[in-house]
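Trainee: The structure that follows is given in the form of structure tokens.
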Amino acid sequence: TFAHEKATGTFETLLTTPVSDAQVVLAKFAGSFLFFLIAFLPALSYPFILEHYAHRPMEVDSRAIISLGIGIGLFGAFFMALGCFASSLTRSQIVAAMITFAAGTGLYITGYLSDLPPSNPQWWHHLLRHTSMLRHMEDFSTGILDTRHVLLYLSLTGIFLFLTYKSVESRRWK
């Protein structure tokens, strides 16, 4: 993480290598995202293993499994980008983890806040409903691959990677 690089004093060395800041950010993101995928991908096989070894015949909806896998992959990419950004802001890995956890928990809670009775500003209720990660995962888990959700996660991932790039780039001038 960037926080670890700063804490150990290797961040300056990293910035003097013959690669651009964007390449550094993308490499850090790709490494963390690849680790996430390697840890997560075996879980996609569990329903098929269960189907094979079940005593009673059952049918697994492979489209729903694939859709959920894509959704969780996009969700993971977003959180990896958010974590990279938080890590670029601080020297402490623990603080970066807490920032990422707090932001993720806040986004998760919006799903529950959207279930409350609509408040006076109707636009606020609609905003909470449309940004609810719970609602997105419900769609992904039922096999609905809504392009709005895909674009939202890709956009958020891109935004946080761009913010990380700008944060790393600003360190060059300090």
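The values are calculated or read from the model by the stated rules, or taken from the named source; none is laboratory data. Being a predicted model, the structure only gives us computed values, none of them experimental. Cβ: placed from backbone, ideal geometry, glycine included. Neighbour counts: every protein chain shown.
Trainee: Tell me, which residue of region 47-62 that is within 18 Å of residue 141 (Cβ to Cβ), assigned to a loop (DSSP other than H, G, I, E, B) and of a type in the set (A, V, I, L, M) is nearest to the chain's Cα centre (by Cα)?
Mentor: Of everything passing the filter in region 47-62, 60 is nearest to the chain's Cα centre (by Cα).
Trainee: Sticking with this one: Give the residue, chosen from 27, 39, 43, that is under 19 Å from the mean Cα position of the chain (by Cα) and closer than 17 Å to residue 160 by Cα.
Mentor: Within the list 27, 39, 43, the selection yields 27.
Trainee: Separate question: If only one of 140, 160 is within 19 Å of residue 110 (Cα to Cα), surrounded by 15 or more Cβ atoms within 10 Å (Cβ to Cβ) and among the aromatic types (Phe, Trp, Tyr), which one is it? Even if it seems obvious, please write down each step before you answer.
Mentor: Numbers: 160 fails: within 19 Å of residue 110 (Cα to Cα).
After applying the criteria, what remains is 140.
Trainee: Determine whether residue 12 is acidic (Asp, Glu) and out of contact with any Leu (no Cβ under 9 Å at 6 or more places or on another chain).
Mentor: Values: acidic (Asp, Glu): yes; out of contact with any Leu (no Cβ under 9 Å at 6 or more places or on another chain): yes.
Yes; evaluated as a whole, the condition is true for this residue.
Trainee: Taking the condition of being of a type in the set (Lys, Arg) and farther than 28 Å from residue 145 by Cα, how many residues in region 29-67 meet it?
Mentor: 1
Trainee: On to the next question. Counting only residues that are among the charged types (D, E, K, R), give me the helices (runs of 4 or more DSSP H) lying completely in region 76-148 with at least 2 of them.
Mentor: It comes to 133-141.
Trainee: From the list 9, 73, 31, which residue is modelled with pLDDT of 90 or more and surrounded by fewer than 16 Cβ atoms within 10 Å (Cβ to Cβ)?
Mentor: 31
Trainee: Name every residue in region 34-62 that is surrounded by fewer than 11 Cβ atoms within 10 Å (Cβ to Cβ) and under 22 Å from residue 81 (Cβ atoms), in order of residue number.
Mentor: Across region 34-62, the qualifying residues are 38, 39.
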